[in-house]
Amino acid sequence: MLTQSRYLSAQQEYAGLRKFVPATVSEQRNSPISGTEPTLSASAEHAAEHNSSITLSDINPDYAGWIRINDTAIDYPIVRGQDNEKYLDASFVGNKNPSGAIFMDSACRKGFDGSYITLHGHNMKDGSMFAGLNRYLEKDYLAKHSEIRVITPENRTRAYHIVDVKVTDIHDQAYLWVNKSRQEVRDDLALKIVSDEGKQILVLSTCINQGRKDERLLIIAQEA
């Protein structure tokens with residue numbers, strides 16, 4: 001029951017944070033996971049209700065953007081910490097929680113101004129965080145859900161088209177992208193993708209439930 005309570009607490013927090021990110025004409029607002037009602041800290045709730053100028057960056061200076069995949073539960077803020085440990089068990093507002101947060105690999109020093117971005121998220125049993133990525137292992141699912149959208153802290157929307165889905169492990173070359181030059185990535189045949197010159201690469205990474213501890217599911221996308 002304690003675990004379920006923590007899952008619910010995390011989803012209530014994230015549902016509340018969605019008030020700060022408007023859905024544009026081309027983006028649908030995803031429905032929260034069933035049974036969650038938005039909750040925030042008193043100050044953030046007051047700001048949202050009164051159209052205050054407070055932003056997600058004010059709530060958490062580590063805010064790096066917002067990820068959304070339509071027709072899924074993936075509709076979350078992105079953070080970037082000083083390392084890849086902090087947000088494994090801390091929510092966006094800093095609450096201790098096993099759901100953690102969707103976080104950018106700390107090696108991505110330029111954030112969404114860089115050439116290659118890797119985002120990590122837990123594969124939660126309640127269907128939250130990056131659990132929805134499991135659907136990409138189903139035949140024909142990718143064809144209808146090939147677009148990922150990211151809203152930057154400056155409210156710029158960036159669209160990405162998924163080009164590959166991989167079941168791999170933490171030793172995959174994809175985890176080294178952020179430390180490679182563009183030419184090295186283009187020459188790496190193991191990645192099975194040649195990025196168009198100037199196009200960003202976005203990688204979503206999550207563990208595989210009931211798989212090996214080091215096993216990972218990668219969703220690889222290129223900026224549209």
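The values are calculated or read from the model by the stated rules, or taken from the named source; none is laboratory data. Since the model is a prediction, treat every value here as computed from it, not as a measurement. Counting neighbours? That spans all protein chains shown, and the Cβs are built from the backbone with ideal geometry, glycine included.
Candidates LYS180, LYS192: the one that is at pLDDT below 80, at positive phi and not small (Gly, Ala, Ser) is LYS192.
A Cβ distance below 6 Å, combined with a sequence gap of six or more or placement on separate chains, defines the contacts here; from region 132-154, residues that are of a type in the set (Gly, Ala, Ser) reach residues that are surrounded by fewer than 20 Cβ atoms within 10 Å (Cβ to Cβ) in the pairs GLY132/THR72; SER146/HIS161; SER146/ILE162.
Only residues that are within 28 Å of ILE162 (Cα to Cα), of a type in the set (D, E, K, R) and in a strand (DSSP E or B) were counted across region 53-100, and they come to 2.
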